[in-house]
Every structure is written in structure tokens, then in C-alpha cells.
Amino acid sequence: MRSTDTTPWHPASWQSLKAAQQPVYDDAAALSRVVAALARLPPIVVSWEIENLRERLAAVQRGESFLLQGGDCAETLEECESDRIAKQLKVLLQMSLVLLSGLKKPVVRVGRMAGQYAKPRSADSETRDGKTLPAYRGDLVNRPEFTPEARRADPQLLLRGYERAALTLNFVRALVDGGFADLHHPEYWDLGFVRHAELGSAYERIVHSIADALDFFESMTGQAVHEATRIDFFASHEGLHLLYEQAQTRFIPRQNRWYDLSTHMPWIGARTGQIDGAHVEFFRGISNPIGVKIGAAMDDQWLQELIARLNPQNQPGRLTLIHRFGVKDTERMLPRAIEAVRRTGHTVLWCCDPMHGNTETSTGGFKTRRFENILKELELSFRIHAELGSYLGGVHIELTGEDVTECTGGARGLTDADLKRAYRSQVDPRLNYEQALELAMLIAERSKRHA
Ligand code: PEP
Ligand code: CO
């Protein structure tokens, strides 16, 4: 064990370590005022919801249920709009019903939403036409326009992000309580793409069987599904901006533990997982279930130390490893990672992010991902876990409920030439509504065939 394991933890103990990907603010006094305000404001989530999620993730880890984690690469302050949020929730709920019908297991739904405002970047600055400015780091930090004013790290944006996160989750909670009563009407599913899909009739069967099952349930219980069973939904974001996360971290006497109350499930990104870095130090002391992104650059020793540091008690549901090796490295890296974790004697929840290892640049210069590669990485991952007697318990997807054109492929066969039509992401390309639903249907179909 390293010395940092025995040094006392407190919400600011990360500050003595190197913190990657943090913005530089030019007004320290203004920043301190904002952080103090954030520390007084009410939390976005509460500890018993977090404990509830941890228990559900423990069930996933035991192979009893499945995790669906998805949402935008980055939310923006401007797009905190009712229609967009409702669509995001709709696609996630519909995907979860499709997965439930195929996998025959409960699905734990976790949105990348209500706080996904801070982004890691490959370079600290960006140069255009000979002019260099700080990189855009997400709406929690600065703005995407290429001007010195927009790119200045503005502490007030921390408050704006906190407020938008609260507004988003408030609306999500209301929608979820209302139960999305329309969920089982096939006309509520936008299945226009099915006509173009090879497996079109199988997709229609899935939707009709979901509708039939829900109708059957309602006639048996005499109650609408949403009145009889609560639909649960949890929030997650990358815990990147450590002052923001620290300000929302509270000691809960009833639980006798510290929680980061900015979200239910924060995760450490692939760029901030250094063992001796500030992010691992901060995450080690909070009691939330946490995720860590695992990329091809991380070796066995790193993985094993990470587990020792972040989940020394081997608490079920605490640690989700989200592997994102890409199609090209999955066969080489994933078996090694599974074996390295096994040698620790600890268990983790394995989740596959088939997006971040498969990013490429289109012929027209757009950052894109191919549907076929996303599907292929998922299939490889399901197969490798099964072959090694391990359980792939979840998927982590960047998606939107809207009709964007950011990833190619899918039933409509989007090509590079289509990307310019509706490319809206400031950062990574997302699956659109149809592609996301199709991906869930393909997972459901294939799992039936292998059952
Ligand atoms: C992300 O999830 O948007 C992201 C930046 O991923 P990663 O840390 O895996 O690169
Ligand atoms: Co991303």
C-alpha cells in the first residue's frame, strides 16, 4: 500500500496532488466566493438515493440486472430545454425496456445528465489562423466561441451549471414520477427506421411484446404500470472539475460518511485516472458508487492499484470499470484487464463504453463514429467476458433523443456526406434516437439468440 492510503482524507486533500485537466482562473477571489456559495447551496441529490443506486449496482455485479448508462457527451447550458430533456429520457427509458425484454433482467437506468458540463481536452489551448486561445472545457468552465472573452474561465459558470443541473433533475424527477404513461403505446415509439432495417420485423415484434406485457400487467393489477411500480432513474457525470465536486461534498452524520451530492454516480475519465493524481485521491473518500474509464494505455499494475485505492473493502456496487478500448484493441486488452482484476481477488462491475475508442475523422472533417464499430466492440466485449466466465453488466453510450447526424451507419445508412445536415455536438458524436434504439434492439436480439 502506498502512503496516500493511510493519510487522512478530507474533501480538499486532493489539493496537495497534481490535478490534471483543471481550468486556470484569473480571479482567485471570485473563484473562492463561488465555491463558498456552492458549498452552502442545497445538494442536487441525497445520500439515500445514492445508497439505493449502490445496492442496485451490487445486484448488477452479481449478474441479476443490467446497467444502461447514457446521454450527451456534454450537456450545454443553452440546451437545458424541456423538450430536449423529455426526449433524452424517452430514448433511455425505451432502450431500457428493449433491453429488459431481451435480457430478461431489470435494467438500472443512469443518465449522463444533470451535471455533465465539464470536459477533458487533449490540449490546453487551441490555435486558429495564428491566434491561440485556451481550449473549450465545457459550459461549467468557459464557452465554445473562439474569442478571448468566451474562452476565459469564468467562475460564475460553476453556479450556472449547478443551477441547470438542478433544473434538469427537477424536471426528470417529475417526468419519472408521472411514469411516462404513454410508454406502451407503439405509436409513441418512432419506428420509421424499422422499414430500412434488416431486422425490421424483429424490432416490431419487440415493441409489440413490450406493449402486450405492459397491458397484461395493467389488467392483472388494475393499475397503470407507473402507479404500481416506480420507474427509477439516476444521474451521473464525469467528476472532472474538483473544486465543483468538493463544494458539493458533505458529511452525512446519519450514514457517518462523506458523499459527493452533485450526482449519484460520478466517474473518473480516461485522462484523469493517474494513481497518484488528485482525482483518484478525491474519489477514494466519497461513498458514492463510482466509475472509472479504462483505456488501452492503462496496464495491469495500474488497474490493480486503482482497485486497492478506490475499493479497499471490496464493497459490492462501489466500483464500475468502464472499458473503452475501441474495436482495434478490445481483443488484445480486455482479456488481460479481466485477468488482472481477477488476480486482485476483488470484484468490480464491468461496463463497456463502445464510443470513446472508436472516434475518427470523416472525409468532410467531422469527428464521427461508425455504428458498425460501436456494435462490433459491444459484441466482442460480450463474447470475451462470457468466454472468461466474467459478466459484462452494462453499457455506457453517448446518445441523444434527437434526430442529429453525428455517427454514421445504422438502419438508415447515414454516410459521411450526411454528417453536415444536423451535426450539433461541440465535442463527441452521439447516436441519434433511431441509432440508439436500434443498438438496444440488436443487443436484445443477439442475447436471445445466445440464450
Ligand atoms: C467522455 O466520456 O466523454 C470522455 C471524455 O471519455 P473518456 O474519459 O473515456 O475519454
Ligand atoms: Co465523450
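The values are calculated or read from the model by the stated rules, or taken from the named source; none is laboratory data. If you're wondering where the values come from, they're calculated on a predicted model, not measured in any experiment. Ideal geometry is used to build each Cβ from the backbone, glycine not excepted, and the neighbour counts take in all protein chains shown. For accessibility, only protein heavy atoms count, side chains too; no ligands or nucleic acids. Shrake-Rupley method; radii C 1.70, N 1.55, O 1.52, S 1.80 Å.
So that you can scan it fast, the table gives a plain yes or no per residue for (1) more than 28 Å from Val60 (Cβ to Cβ); (2) over 16 Å from the mean Cα position of the chain (by Cα); (3) open to solvent by less than 10 Å² (accessible area, probe 1.4 Å):
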{"site": "Leu388", "(1), (2), (3)": "no, yes, no"}
{"site": "Glu406", "(1), (2), (3)": "yes, yes, yes"}
{"site": "Gly410", "(1), (2), (3)": "no, yes, no"}
{"site": "Asp418", "(1), (2), (3)": "yes, yes, no"}
{"site": "Arg446", "(1), (2), (3)": "no, yes, no"}
Search the stretch 138-168 for residues being among the polar types (S, T, N, Q) and outside any helix (DSSP H, G or I), and hand back the single one that is most open to solvent (accessible area, probe 1.4 Å).
Thr147
Residues of the stretch 389-433 classified as closer than 26 Å to Trp350 by Cα and away from ligand 2 (no atom under 16 Å from the Cβ), total:
9
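For the stretch 16-23, indicate whether the set of residues that are at pLDDT below 95 and not in a loop (DSSP other than H, G, I, E, B) is non-empty. Please lay out each step first, then the result.
Let us first name the residues in the stretch 16-23 that are at pLDDT below 95, namely none.
Scanning the stretch 16-23 turns up no residue that is at pLDDT below 95 and not in a loop (DSSP other than H, G, I, E, B).
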Quick check on this structure: which one of Glu434, Glu402 is in a helix (DSSP H, G or I) and out of contact with any Pro (no Cβ under 9 Å at 6 or more places or on another chain)?
Glu434
For the structure I just gave you, tell me whether Arg324 is open to solvent by 20 Å² or more (accessible area, probe 1.4 Å), closer than 20 Å to Ser236 by Cα and either touching a His at 6+ places or on another chain (Cβ under 6 Å) or within 15 Å of ligand 1 (Cβ to nearest atom) (or both).
yes
I'm told Phe171 meets every condition in (1) touching a Ser or Thr at 6+ places or on another chain (Cβ under 9 Å); (2) buried (at least 22 other Cβ atoms within 10 Å of the Cβ); (3) in a helix (DSSP H, G or I) except one. Can you identify the failing condition by its number?
(2)
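Take the conditions among the β-branched types (Val, Ile, Thr), under 15 Å from the mean Cα position of the chain (by Cα) and within 16 Å of ligand 2 (Cβ to nearest atom) and apply them to Ile290. Does it pass?
Considered against the rule, which asks whether it is among the β-branched types (Val, Ile, Thr), under 15 Å from the mean Cα position of the chain (by Cα) and within 16 Å of ligand 2 (Cβ to nearest atom), Ile290 comes out as no.
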Are there any helices (runs of 4 or more DSSP H) wholly within the stretch 198-277 with 3 or more residues that are surrounded by 15 or more Cβ atoms within 10 Å (Cβ to Cβ) and in contact (Cβ under 8 Å) with a residue 40 or more places away in the chain, and if so which?
200-221, 242-247
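Conditions (1) within 22 Å of Asp177 (Cβ to Cβ); (2) touching a Pro at 6+ places or on another chain (Cβ under 9 Å), marked per residue:
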{"residue": "Gly63", "(1), (2)": "no, no"}
{"residue": "Leu68", "(1), (2)": "yes, no"}
{"residue": "Cys73", "(1), (2)": "no, yes"}
{"residue": "Leu77", "(1), (2)": "no, no"}
{"residue": "Arg84", "(1), (2)": "yes, no"}
{"residue": "Leu89", "(1), (2)": "yes, no"}
For residues that are more than 30 Å from Glu402 (Cβ to Cβ) and of a type in the set (Lys, Arg), scanning just the stretch 28-65, find the one that is surrounded by the fewest Cβ atoms within 10 Å (Cβ to Cβ).
Arg40
Count - residues of the stretch 66-89 that are over 14 Å from Arg164 (Cβ atoms), buried (at least 20 other Cβ atoms within 10 Å of the Cβ) and away from ligand 2 (no atom under 16 Å from the Cβ):
4
Of the residues Pro354, Pro312, which single one is part of a loop (DSSP other than H, G, I, E, B) and either within 16 Å of ligand 1 (Cβ to nearest atom) or under 22 Å from the mean Cα position of the chain (by Cα) (or both)?
Pro354
Pairs please, first residue from the stretch 404-430 and farther than 24 Å from Lys119 by Cβ, second anywhere and within 16 Å of ligand 2 (Cβ to nearest atom) and part of a strand (DSSP E or B), Cβ atoms under 8 Å, 6+ apart in sequence or on different chains.
Gly409/Arg370; Gly410/Leu431; Asp416/Thr368
Any residue that is closer than 24 Å to Asp329 by Cβ, within 16 Å of ligand 1 (Cβ to nearest atom), open to solvent by less than 10 Å² (accessible area, probe 1.4 Å) and small (Gly, Ala, Ser) - is there at least one of those in the stretch 390-397?
yes
